[in-house]
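Read the figures in this text as sums done on the coordinates, not as results from a lab. On a predicted model such as this, the values are computed, not experimentally measured, just so you know. Glycine also receives a Cβ, built like all others from the backbone with ideal geometry; neighbour counts cover every protein chain displayed.
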Amino acid sequence: MAHIEEHKETQSIQKEKQNYVMLDFGKTPEYGLPAFIQVVRRSLSIELLKGLGVTFREMINALFRGKMHTTKYPFEKLPIAPRYRAIHEMLRLLESGHYRCIGCGLCEKICISNCIAMETKYDENQRKEVSEYTINFGRCIFCGYCAEVCPELAIVHGGRYETASEQRAGFSLFEDMLTPIDKLKEQKEFAGFGSISSNADENIKKTPLAY
Amino acid sequence: MEEIESNGQISLTIDGKVCVAKEGEYILNIARANGIFIPAICYLTRCSPTLACRICLVEADEKRVYSCNTKAKDGMNVIVSNEEILEERRAIMQVYDVNHPLQCGVCDQSGSCELQNYTLELGVDEQPYKIVDVKRESSNWSSVLHYDPALCIVCERCVTVCKDMMGDSALTTGPRGGEGLDKDLKDTMPKDAYAMWNKLQKSVIVPSNDTDKTNCSDCGECLAVCPVGALVSRDFMYTSNAWELQKIPATCAHCSSGCQIYYEVKPTSIANRDKKIYRVTNEWNYVSLCGAGRFGYDFENKTATKDKKALDNAIKAIKKADAIRFNSVITNEEALMLQMLKDKLGIKLINNDAKAFKDFMTHYANAKGSNLSGGNIRTMMQESDFIISVGSALRHDNPNVRYLFNNIQKLNKGAGLYFHPVGDKLIESLGKNVACITNNINSEEAVLYWVLDNFADKDKLPKEVNDYLSSLSTISKKTVTETIMEDVVEVVVDETSGESKEVTKKVPKKLEREIEVKESKLLEMFNAPEDFADILEKFLAKKENFSLVVGEDLYFHPQSKNLAILVALIESSTPFNVAIIPPKTNSLGVSLICDLDEECDGYIIGYNEAGDFRLSALGNGHLDMPALNQQEGTLTNMHKVVVPTNAALSYNGYTLNDILNEFGFGERTTINWTKKLPVKKGFESREFDSLPNKYNNDGSEDRGYSLKPQKVKITESSPQAITLNEVSGELIAYRCNPQRQFNEFTATAHQIFEPFALYASEEKSKELGKKVKIDLDGKKFSLDVKVDDRMSGDIVKLPDFKNSFEIYKFFGQNRFKSITLGKA
């Protein structure tokens, strides 16, 4: 019963909030002459100037008071939702600045349009180093599997959604996607597709390896 | 049923399925052959059970046994898994997962990991065990091997394969320095998991020579068998994930063993989309590779283009040519095309290795009545328990026969005699019952006569041979002193009771006895050791299945004709199975397909050989040809099987078939020649695409087709007397390539490091110095002296894998020759 009452309550709140007003347009003229008279009266009254006044005020606001509502694309862009899947970004480790990618190749494997390619080698520190990394954006369908499969949260989807280029198959190299080292502080932890859920800590099953 | 049993066949039930198997076979192998899955990590087919992983636990007749080392009995009932066994297996996998690094993303095993597979298979989703880890550093073991002990699960497959199959025994287990297990665990955790963990916690894999570098043949079989990413090749490490590589089934191009391999290819780089071979893998349960097969894969003709002008020049050259000189590193189809050129244009065909082999085989066939030997190396490996090798430097000429020789010692409790003028320390070390007899140079006739003398059914031998053998042996009387135990009865008086008792005592007594000793001059001829009779008596005890392998020394021998007849005689009159090893990759195929001519002068076309106009798959000739990893075709291997090989890499140039097309008798493609291979010589008229190239689950080989032996009229039945051609001189050289080098192709591979040098034993190299100038019939050059620490004796080895040195020509019809040293 309780939930029915609750429902009624919300309905009454909604009723109170309704404040529709019926406008009084007067009588619609039914034949030629009264209609002509209405047109002349409306044209010559001050109503026209009222409308123009709104336009003029907005123009002043936009030009001199900095209250523009238009987005000047491509110079300005609207913010993108974190789960939007646009051009990939390669993140760095915040502590060392080294790229996060460990070269495991899982993104390459999972890619269903087969547009990721990478080359790895053995570096002098006996670690695996990524020597080449490309994504063919002419083929990428932005499914987000690569970001989801990445064990290190190294490859993520960013907000750059323009993928037009002079060539149909534009290539993007590792360096293009990598967070510039001087902008490391601006690098945001990814919150979108494939990132760790907010309650990840609760889901971890502890093993008795904590000796 | 009775009939089946009389063949040594038994039947048993595994998981409700009735399986018929050979008596004495392990349960695991029977299950595998019948498509029943029993998990196992440490077991390798063709090797002895290691019993390290214990995961192959099954219940046989209500008793828990390990299926890898339990022999099946008739009527046995095997249950692969029940709840208890699953619990045990799960605990074993949980223990393997303790402290195993979780960076699977960067591991080279990349998803083809058996640890991962079994962990998932058994549904391990929690970790109830723990122990403090110890730091284990990764290291390079040799020029090709890299070992990461942190990833190692100590299944000992590498140790087992190195000992039981390769014979190097270069690996063993060493101390890990890990903490001991909590004693309480013994009562609380499953028994086998505890035992496995207890052992695992104590060991890692180390080189067996107490250093941090292995002293081995660098065959890389340990890399192949490793179930995890602990052992990888230094070259392949971190270059590619397993799943990116496309596996191309092919046949190894380097020796006559013709092993099945997979070329694993993917594009060279992001910029260069041409395919590149990243590594070679094999079906390691059924075939073992050598270092050349595994690492010598990048021998393709890299620079080939369709150069029309060069093709026109080639046509002109062939029109005026007197002969084509080639070697046997070609396919059957190419051999057939060369033969077509001979038939249509009358050009002579010169091929050093195949000619010697063909002559030998012709005499052999004339003496035997059939053109192929009867022995099969694969069945020898399973059944034989006594092997004799004559005239083959096993370590160099054919590694697979060396594995056979070793496997017989290790698995069949066999014995082996290795006759070779150049001593070999590795062969000596293959087993207790192995004797290396450094026979005199060119005394192989005496060895074969000795085999006849000892093993032949005298009724089957021609009278001349019997007479000759008896003329060589003398029966002398010899007195030997034997010590026997004699019973002596003594009367002893007991001091306390005064009673006398009869006590029997054993007292040694020396007896002199006259025995008849058969002494044969043969032993002296081939320089047998003094205790040869005793050795033989020991080796031959309880032996039933005899094998004889003969090699290249016999074909390049002043008495090769007589040797061929002797081999045929041994096959017909003794219980020996005989295998004849062709000298080069496809010598058998070439010798069957081509009519070969003697070396001649004139205008010579060289095909991968020296000549006035050179066709070359090495990229250094006047016209490019495809290498064996760039073309489809078939090879005839030492198992007498015609096996297919595939193109792993693209080839942009002209082929032999294009040349034939210019003359108007070519085919549309090279593989159209496959069905035209001569049926009269034992080939089948089969399409290339119908030839399989794989192994079945029970280990049987399903590759290509077997040659049919052809009947030949017997014309040469009795051998001649022994002629000893002594080779003497300041320095005697043996024409023999270093391990992992077989031909000019292996020499171009970037992971084969063995140089063209003079190889000598440690003592001899001290005498020779670091560099020598040698004079080969007027051709002078200086060579480095390399120590081959597995050689012994004074004879040095001179390789023939570089054609430009014309080593074949210098040695001629003998593999031994004295060389003159210039002043260095």
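Distant-in-sequence amide contacts of B:I270, defined by a placed amide H-H separation under 5 Å and a gap of 5 or more residues or a different chain, comprise nothing. One Cα centroid belongs to region B:294-330, the other to region B:635-712; the line between them spans 20 Å.
Using 0.36 nm times the number of residues separating B:N140 and B:L86, minus their current alpha carbon distance, what extension gain do you get?
15.7 nm
Counted residue by residue at 0.36 nm each, then reduced by the alpha carbon distance between them, the extension gain from B:D612 to B:K186 reaches 145.6 nm. Set the Cα radius of gyration of region A:126-198 against 2.2 N^0.38 Å, with N its number of residues, and you get 1.21.
Applying both filters, DSSP loop and at most 13 other Cβ atoms within 10 Å, to the trypsin sites (Lys or Arg not before Pro) of region B:596-703 gives B:R668. The phi torsions of region B:660-672, fed into the Karplus equation with coefficients 6.51, -1.76 and 1.60 and a -60° offset, translate into couplings of 5, 4, 4, 7, x, 10, x, 10, 5, 10, 4, 6, 5 Hz, rounded to whole numbers, with Gly and Pro shown as x.
May I ask what percent, to the nearest 5, of DSSP beta bridges between residues of the protein assembly as shown are antiparallel? Please list the in-between numbers first.
Details: 96 of 135 bridges.
Counting only bridges with both partners in the protein assembly as shown, antiparallel ones make up about 70 percent.
The average projected area of region B:254-361, computed from the convex hull of its Cα atoms over all directions, is 10.0 nm². DSSP bridge analysis restricted to chain B gives an antiparallel fraction near 70%, rounded to the nearest 5. Here B:D343 and B:D789 are evaluated by their C-beta separation; at R0 = 60 Å the FRET efficiency comes out at 0.75.
When you filter the trypsin sites (Lys or Arg not before Pro) in region B:39-76 for DSSP loop state and at most 15 other Cβ atoms inside 10 Å of their Cβ, you are left with B:K73. Just so you know, the Cα atoms of chain B work out to an Rg and Dmax of 29.7, 117 Å. In order along region B:627-633, phi translates into HN-Hα couplings of 7, 6, 9, 10, 9, 8, x Hz, rounded to whole numbers, per the Karplus curve 6.51 cos²θ - 1.76 cosθ + 1.60 with θ = phi - 60° and x for Gly and Pro. Of the residues B:K247, B:K183, the one with the fewest other Cβ atoms within 10 Å heads the list, and the complete ranking is B:K183, B:K247. Counting other Cβ atoms within 10 Å as a rough exposure proxy, the listed residues B:I475, B:I27, B:I10, A:I204 run A:I204, B:I475, B:I10, B:I27 from fewest neighbours to most.
Would you mind counting up the charge near B:I153? Only other residues with Cβ under 14 Å from its Cβ, with Lys and Arg at +1 and Asp and Glu at -1. Mind showing how you got there, number by number?
Working: positive: B:R54, B:R136, B:R157, B:R176, B:K199, B:K202; negative: B:D97, B:E114, B:D133, B:D148, B:E156.
For residues surrounding B:I153, the net value is +1.
Just name one of B:H750, B:A31, B:N82: the one whose Cα is farthest towards the positive end of the charge dipole of chain B (beta-carbon charges, Lys/Arg +1, Asp/Glu -1). Projecting each Cα onto the dipole axis, the largest value belongs to B:H750. Cα convex hull, the protein assembly as shown: 371 Å³ per residue, rounded to a whole number. Amide hydrogen proximity for B:M76: with H placed 1.01 Å from N in the peptide plane, the residues at 5 or more positions away or on another chain lying under 5 Å are B:T13. When shorter helices are ignored and each DSSP H run of at least 4 residues is given -39500 (n - 2.57), the per-residue value for chain B at 222 nm works out to -7500 deg cm²/dmol.
Per residue of peptide B:95-105, the mean number of Cβ atoms on other chains within 10 Å of the residue Cβ is 2. A run of chain B free of exposed loop cleavage sites, with chymotrypsin sites (Phe, Trp or Tyr not before Pro) counted only in DSSP states other than H, G, I, E and B and at most 16 other beta carbons within 10 Å, reaches its longest extent at B:38-602.
The simple spin-label model puts a point 7 Å past each Cα toward its Cβ; for A:L173 and A:N61 those points are separated by 4.8 nm.
Here B:S138, B:S765, B:S217 are placed in order of increasing Cβ neighbour count within 10 Å, fewest first, which gives B:S138, B:S765, B:S217. The 3J(HN,Hα) values that the Karplus relation (6.51, -1.76, 1.60; θ = phi - 60°) gives for region B:162-175 are, in residue order, 5, 7, 7, 10, 6, x, 6, 6, 8, 10, 8, 9, x, x Hz. Gly and Pro appear as x. Distant-in-sequence amide contacts of B:L349, defined by a placed amide H-H separation under 5 Å and a gap of 5 or more residues or a different chain, comprise B:I324, B:D597. Taking GluC sites (Glu not before Pro) across region A:44-146, the ones in a DSSP loop with at most 10 further Cβ atoms lying within 10 angstrom of their Cβ are A:E76, A:E95, A:E124. The mean sequence separation of alpha-carbon pairs under 8 Å and at least six residues apart, normalised by the residue count of region A:88-194, gives a relative contact order of 34 percent. The residue list B:T674, B:A72, B:N652 was ranked by how far each Cα lies along the charge dipole of the protein assembly as shown toward its positive end, using unit charges on Cβ atoms, and B:N652 comes out on top. Label-to-label distance for B:Q246 and B:L511 is 7.8 nm, based on points extended 7 Å past Cα in the beta-carbon direction. DSSP assigns beta bridges within region B:362-580; of those with both partners inside it, close to 55 percent run antiparallel.
At a Förster distance of 25 Å, what's the computed FRET efficiency of B:T362 paired with B:V679, Cβ-Cβ distance as r, to 0.05?
Working: r = 19 Å, r/R0 = 0.77.
With a Förster radius of 25 Å, E is 0.85.
Roughly how many nanometres apart are two label points built 7 Å out from the Cα toward the Cβ at B:N117 and A:S197? Distance between the two pseudo-spin positions: 3.2 nm.
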